[in-house]
Amino acid sequence: MTEAGASAREWPLWEVFVRARRGLSHGHVGSLHAPDAAMALRNARDLYTRRQEGVSIWVVPAEAISASSPDEKDAFFDPAADKVYRHPTFYSVPDGVEHL
Amino acid sequence: MYGDHSGTPEQVWSHDAYADDGDADFLALIQADGRVEPRDAMPNAYRASLVRQIAQHAHSEIIGMQPEGNWISRAPSLKRKAILMAKVQDEAGHGLYLYAAAETLGVDRSELLDKLHTGRHKYSSIFNYPTLTWADMGAIGWLVDGAAIVNQVPITRCSYGPYARAMVRICKEESFHQRQGFEILHTLSNGSPAQHAMAQDAVDRWWWPSLMMFGPPDDASPNSERSMRWGIKRFSNDELRQRFVDMTVPQAQALGLTLPDPELAYDDTTGHWRTGAIDFTELFEVIAGNGPCNAARMAHRRGAHERGQWVRDAAAAYADKHRSATATGAVA
């Protein structure tokens, strides 16, 4: 690295969530670097809403996000796998019965 | 603006780690046309190949700001100037989407920029050509961005999720870039004889470099084969180049401009336009650093980065100060 000093001062990473329009929830659109939350919001506006893609932005420090591990995905999500009775299609309904 | 395919001839043509093809889960996911996400297990060579390609693509976007930035202060009208600024800003945005995608693979943006600045990473050779006249803004938008779109649309289905998602955003924005370029050339082509000649000159200079943006011919590009097996690449260099030629020839006719290839002809049996032979020795000269603007582009990039250091430092210092003030307040 020619700029070890600068690299050490790398701005933290923020994850960006945008509400595309009223009535929708915020969705993840990407990430960016910024020194603080105010600059992260401004950068997110310039980077992810140049064409009116949003009406509201959240920025979250990437290090604040806890995620499930892909390695344990089977074990972690297994409890839901054998409970097909949670879906309406599990149940048989006699012919001719409507609105059910 | 543009994807991968530069790199030194050695890099383009080398095989590496063919043995490391991934475990059964990874291969099953790829074969089912599934998407690989950042924290999944993946072969080291898959990760390295993506980092190299995405970083090179990101570098191309930000270096690509220079040839057009050159004309912002001399755009012929306020409207053209506003459009060009929006386009150059988009290129910066594309670079940032791509650096963010690369970072999901476990590298730091600062590390990638450092590799660009020290010449260890390449960017697309197309940006080592000069922009001599205003008509070059048209030719870049129409031909260079047009070629980039043909290259990039298949990457929206790339097996690596973050790269594919970044490319969806980029492709949406590129279509404005290509149309504004076409419009510039159309206006010039239908203007005075001098304006028409300027448009023709720009097309004459940019046509062959645009064809070379698709990379070396298939029989000289063995890395492509592995990238296709891994779902990083969907079509071969020659297939994409042909697609671009077939799209572009009728557009040139609509512009009233000629393409500088006396051998260009429509092949009735295949339904494709055939070009004359492409002189790839020129491409490799430019990649090797001997293009008209290689040194200037790198000097400008390094200079801009160094001159921006105080801004980055000041913003970090302000954030530190603000953070410690908040912490003190919380204690009180």
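Results, tabulated for the structure shown:
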read-out	value
Odd one out for A:ASP46 among (1) in a helix (DSSP H, G or I); (2) more than 9 Å from chain B (Cβ to nearest Cβ); (3) within 17 Å of B:ALA100 (Cα to Cα)	(2)
Helices (runs of 4 or more DSSP H) completely within the range B:96-181 that count 3 or more residues being at pLDDT 95 or above and either within 14 Å of chain A (Cβ to nearest Cβ) or over 16 Å from the mean Cα position of the chain (by Cα) (or both)	B:109-117, B:135-139
Matching option when the condition is open to solvent by less than 30 Å² (accessible area, probe 1.4 Å) and at pLDDT 95 or above, among B:GLY256, B:GLY303, B:GLY271, B:GLY291	B:GLY303
Failed item, numbered, when A:ARG22 is tested on (1) touching a residue at least 24 places away in the same chain (Cβ under 8 Å); (2) within 14 Å of another protein chain (Cβ to nearest Cβ); (3) part of a loop (DSSP other than H, G, I, E, B)	(2)
Of all residues in the range B:37-67 being among the small types (Gly, Ala, Ser) and in a helix (DSSP H, G or I), the one that is surrounded by the fewest Cβ atoms within 10 Å (Cβ to Cβ)	B:ALA48
Any hit, the range A:80-97, residues being part of a helix (DSSP H, G or I), within 11 Å of chain B (Cβ to nearest Cβ) and open to solvent by 90 Å² or more (accessible area, probe 1.4 Å)	no
Test: residue in the range B:308-325 that is within 18 Å of B:SER124 (Cβ to Cβ) and outside any loop (DSSP other than H, G, I, E, B)	no
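The values are calculated or read from the model by the stated rules, or taken from the named source; none is laboratory data. Bear in mind the structure is a predicted one, so any value in this text is a computation, not a measurement. Glycine also receives a Cβ, built like all others from the backbone with ideal geometry; neighbour counts cover every protein chain displayed. Heads up: the accessible areas ignore ligands, DNA and RNA and are worked out on the full protein's heavy atoms, side chains in. Shrake-Rupley method; radii C 1.70, N 1.55, O 1.52, S 1.80 Å.
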